[in-house]
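What follows is a single structure, written as structure tokens, with notes after it.
The values are calculated or read from the model by the stated rules, or taken from the named source; none is laboratory data. Predicted model only: the values in this text are computed from it and were never measured. Please note: Cβ atoms are built from the backbone with ideal geometry, for glycine as well, and neighbour counts cover all protein chains shown.
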Ligand SMILES: Nc1ncnc2c1ncn2[C@@H]1O[C@H](COP(=O)(O)OP(=O)(O)OP(=O)(O)O)[C@@H](O)[C@H]1O
Ligand SMILES: [Mg+2]
């Protein structure tokens, strides 16, 4: 166990009987921003879903701690209550549950059912809607039901803003955003991401990292973190693609 | 009909009561005979495939038959509570009393709400014209039984061009004492009314079959909302046959909510008898434990350019079972009718069982008609989405289940939404009111 705000060690994830994450470790210190980049199918979503407690993504080996608390023993609800937040790559529609009611229930649950925490809810929601340039009518719409790709991503960040997690895992929050939305959502992340906690961005592109500047960049391939470095690593990837690293890491035996 | 055979087994119908109109007596008598002649329904049609008809037999039918219908000493004249959210409230009570409290302003518009038996004498011509013409003695064995034995019920009459803003609430509390009830509603041309027909009984009610027949006649351009809530006690058996007929440019919105009873069978139908008629139906059924629901709907398009739509939702948990069968019948030589039907079932655990059978009898080509059905458990992805935000498992299930019916409830008239939500949340909490 480390004294970091979020850490995991040697995580293995099995989905549908297949191991898709093969021993991944990372430590995120207070206030740090990390980015994970990697080609399609390399296991990025599997990793963050498993960490958040998705029942289809079983952690078969490894440890994970959020501010010293053992994550592995908790179910998804408890992990969220411990301060973990996952912004989904593909947010799901929940028919019949409005954004406002959903957030109220989540905030209340986080505070052990205490209603008083909701006294400034409406104002806070309105403020955050306007910061993220989301029409306030979304409060009474059913979560993600008929939302455009970009709207879904904004609502994920809105949820983060309202729930104030300690550690946020953002899975491709930048995908599906137009240029303006990318700026707005990035500003939202900078504004509302846990400042004294940790942030882990999963992304394919440098463009978001121009706004949300990571302290560390990691490269994931075939279920493993194969490279770690500073922000320059993202620029290097943008230029060279994954092939070069792939060759270096996975074909080194033959070389 | 083999009279001798019947006379051997079956008690002959009682003599006429001194307050009973002869035509009504004869109708009852004829119904009693029909009931005794009719075999139990064969379980070959979809209407009877899922529920044993024996459930609805009444052990003391003969005893009830021999009891002259109870005549209450004036069901009207009860003080109407100020600021009531209803324009009138009627009670069919366990003690066989019928009570009506009506807003004097509404009564002043010529609206009649009273005990059906009393109406059969006092408003004889009007009642006789409509009564038993849709849910007739020959409708079926149990409808005939109802007609022979009914001992409580309401008559509602709304004159032409009359708008009643607040709903009329009918509270039916069948106890062990009475079990055969009726409603006859005659809504005039271009009039508007909402009827909330609410069946509930105290937990004390041990058992018994609550057999109800409902007939609603909507004149041309009438706008009717009919809400049928079945919240009977856990031991009760419910059998409801309801028919509405709407005329030219008439509009009816029927809402069926059911959470009660051990066995609950409903046959609900609207006959679109005029051009441009429009009928919507929404259903919300929520069963748990060993509850059994068998709901049948009918949309019968008899004229041109009419529209019908059904949105029927079912939630089941524990070992509950639901069968939904929906018949759309479009008459031949009609044109440009539209009929839509959707039935969705949410099964909260294994061990529940849902059936969904659409039946289409479309006798014309010029028609638009679609139907669809789904059934399945809560999507684990949805559950995870809520849990990943810190919401507990139980709470997440409740939110998703309530959300499942919410779009249906949102389509309902404003004044009924809170009531419907309350029914669902009570049931989700394992309570029933
Ligand atoms: N629910 C699932 N069922 C079956 N296989 C899955 C499931 N989720 C992920 N996988 C498989 O696991 C591997 C890793 O997928 P994952 O979604 O984690 O990749 P990713 O790095 O997030 O890719 P992308 O950049 O395209 O989002 C893939 O081979 C994928 O097909
Ligand atoms: Mg992914």
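The residues of region B:141-177 that are at pLDDT below 90 and surrounded by fewer than 24 Cβ atoms within 10 Å (Cβ to Cβ), listed by number, are B:151, B:173, B:175, B:176, B:177. Would you confirm whether or not region A:99-115 contains a residue that is within 16 Å of ligand 1 (Cβ to nearest atom), at the interface with chain B (Cβ under 9 Å from one of its Cβ atoms) and under 19 Å from residue A:198 (Cα atoms)? Within region A:99-115, none of the residues are within 16 Å of ligand 1 (Cβ to nearest atom), at the interface with chain B (Cβ under 9 Å from one of its Cβ atoms) and under 19 Å from residue A:198 (Cα atoms). Residues that are more than 14 Å from chain A (Cβ to nearest Cβ) number at least 3 in the following helices (runs of 4 or more DSSP H) confined to region B:360-433: B:414-428. For region A:13-30, residues that are within 16 Å of ligand 1 (Cβ to nearest atom) and within 25 Å of residue A:215 (Cα to Cα) total 5.
Looking only at strands (runs of 3 or more DSSP E) that lie completely in region A:1-113, which have at least 2 residues being closer than 27 Å to residue B:399 by Cα and within 16 Å of ligand 2 (Cβ to nearest atom)? Can you show your working first?
Values: elements: A:6-15, A:18-28, A:32-37, A:58-66, A:84-87.
Of the strands (runs of 3 or more DSSP E) lying wholly inside region A:1-113, those with at least 2 residues that are closer than 27 Å to residue B:399 by Cα and within 16 Å of ligand 2 (Cβ to nearest atom) span A:84-87.
For region A:31-50, the set of residues classified as more than 8 Å from ligand 1 (Cβ to nearest atom), in contact with a strand residue (DSSP E or B) (Cβ under 7 Å, 6 or more places away or on another chain) and away from chain B (no Cβ under 14 Å) consists of A:32, A:33, A:34, A:35, A:36, A:37, listed by residue number.
Answer yes or no as to whether residue A:196 is away from ligand 1 (no atom under 16 Å from the Cβ), over 15 Å from the mean Cα position of the chain (by Cα), more than 27 Å from residue A:65 (Cα to Cα) and surrounded by fewer than 20 Cβ atoms within 10 Å (Cβ to Cβ). So residue A:196 fails the test. Scanning region B:230-239 for residues that are surrounded by fewer than 24 Cβ atoms within 10 Å (Cβ to Cβ) and not in a loop (DSSP other than H, G, I, E, B) returns B:231, B:237. Take the conditions (1) at positive phi; (2) crowded, with 16+ Cβ neighbours inside 10 Å; (3) away from every other protein chain (no Cβ under 11 Å); residue A:53 misses just one of them, which is (3). Taking the criterion of being touching a residue at least 60 places away in the same chain (Cβ under 8 Å), over 24 Å from residue B:335 (Cβ atoms) and either crowded, with 24+ Cβ neighbours inside 10 Å or touching a helix residue (DSSP H, G or I) at 6+ places or on another chain (Cβ under 6 Å) (or both), would at least one residue in region B:240-249 satisfy it? So far as region B:240-249 goes, yes, one or more of its residues are touching a residue at least 60 places away in the same chain (Cβ under 8 Å), over 24 Å from residue B:335 (Cβ atoms) and either crowded, with 24+ Cβ neighbours inside 10 Å or touching a helix residue (DSSP H, G or I) at 6+ places or on another chain (Cβ under 6 Å) (or both).
Kindly state which strands (runs of 3 or more DSSP E) lie completely within region A:152-249 and contain at least 2 residues that are within 26 Å of residue A:93 (Cβ to Cβ).
Values: elements: A:167-171, A:198-202, A:216-221, A:224-229.
Qualifying strands (runs of 3 or more DSSP E): A:167-171, A:198-202.
Scanning region A:137-150 for residues that are surrounded by fewer than 19 Cβ atoms within 10 Å (Cβ to Cβ), assigned to a helix (DSSP H, G or I) and out of contact with any strand residue (DSSP E or B) (no Cβ under 6 Å at 6 or more places or on another chain) gives A:137, A:139, A:149, A:150. Scanning region A:143-177 for residues that are within 16 Å of ligand 1 (Cβ to nearest atom), more than 14 Å from residue A:189 (Cβ to Cβ) and within 14 Å of another protein chain (Cβ to nearest Cβ) gives a single hit, A:152.
The rows are residues; the columns are (1) more than 25 Å from residue B:407 (Cα to Cα); (2) in contact (Cβ under 8 Å) with a residue 24 or more places away in the chain; (3) within 16 Å of ligand 2 (Cβ to nearest atom); (4) buried (at least 17 other Cβ atoms within 10 Å of the Cβ).
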{"residue": "A:132", "(1), (2), (3), (4)": "yes, yes, no, yes"}
{"residue": "A:135", "(1), (2), (3), (4)": "no, no, no, no"}
{"residue": "A:173", "(1), (2), (3), (4)": "yes, yes, yes, yes"}
{"residue": "A:181", "(1), (2), (3), (4)": "yes, yes, no, yes"}
{"residue": "A:188", "(1), (2), (3), (4)": "yes, yes, no, yes"}
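Number of residues in region A:89-130 that are in contact (Cβ under 8 Å) with a residue 60 or more places away in the chain and touching a strand residue (DSSP E or B) at 6+ places or on another chain (Cβ under 6 Å) equals 1. Of the numbered criteria (1) away from ligand 2 (no atom under 16 Å from the Cβ); (2) touching a helix residue (DSSP H, G or I) at 6+ places or on another chain (Cβ under 8 Å); (3) within 22 Å of residue A:94 (Cβ to Cβ), the one residue A:146 fails is (2). If we scan region A:82-92, do we find a residue that is within 15 Å of ligand 1 (Cβ to nearest atom), touching a helix residue (DSSP H, G or I) at 6+ places or on another chain (Cβ under 9 Å), within 14 Å of chain B (Cβ to nearest Cβ) and more than 30 Å from residue A:121 (Cα to Cα)? Taking every residue of region A:82-92 in turn, none turns out to be within 15 Å of ligand 1 (Cβ to nearest atom), touching a helix residue (DSSP H, G or I) at 6+ places or on another chain (Cβ under 9 Å), within 14 Å of chain B (Cβ to nearest Cβ) and more than 30 Å from residue A:121 (Cα to Cα).
Could you grab me the full set of residues in region A:51-73 that are in contact with a strand residue (DSSP E or B) (Cβ under 9 Å, 6 or more places away or on another chain) and more than 16 Å from ligand 1 (Cβ to nearest atom)?
Taking region A:51-73 as the starting set, the residues that turn out to be in contact with a strand residue (DSSP E or B) (Cβ under 9 Å, 6 or more places away or on another chain) are A:51-54, A:56-67, A:70-72.
Those that are in contact with a strand residue (DSSP E or B) (Cβ under 9 Å, 6 or more places away or on another chain) and more than 16 Å from ligand 1 (Cβ to nearest atom): A:61, A:63, A:64, A:65, A:66, A:67, A:70, A:71, A:72.
Taking region A:56-66 as the range and being surrounded by fewer than 17 Cβ atoms within 10 Å (Cβ to Cβ) and more than 12 Å from chain B (Cβ to nearest Cβ) as the test, the residues that pass are A:58, A:60, A:61, A:63. Got at least one residue in region A:127-136 being within 14 Å of chain B (Cβ to nearest Cβ) and assigned to a loop (DSSP other than H, G, I, E, B)? There is no residue in region A:127-136 that is within 14 Å of chain B (Cβ to nearest Cβ) and assigned to a loop (DSSP other than H, G, I, E, B).
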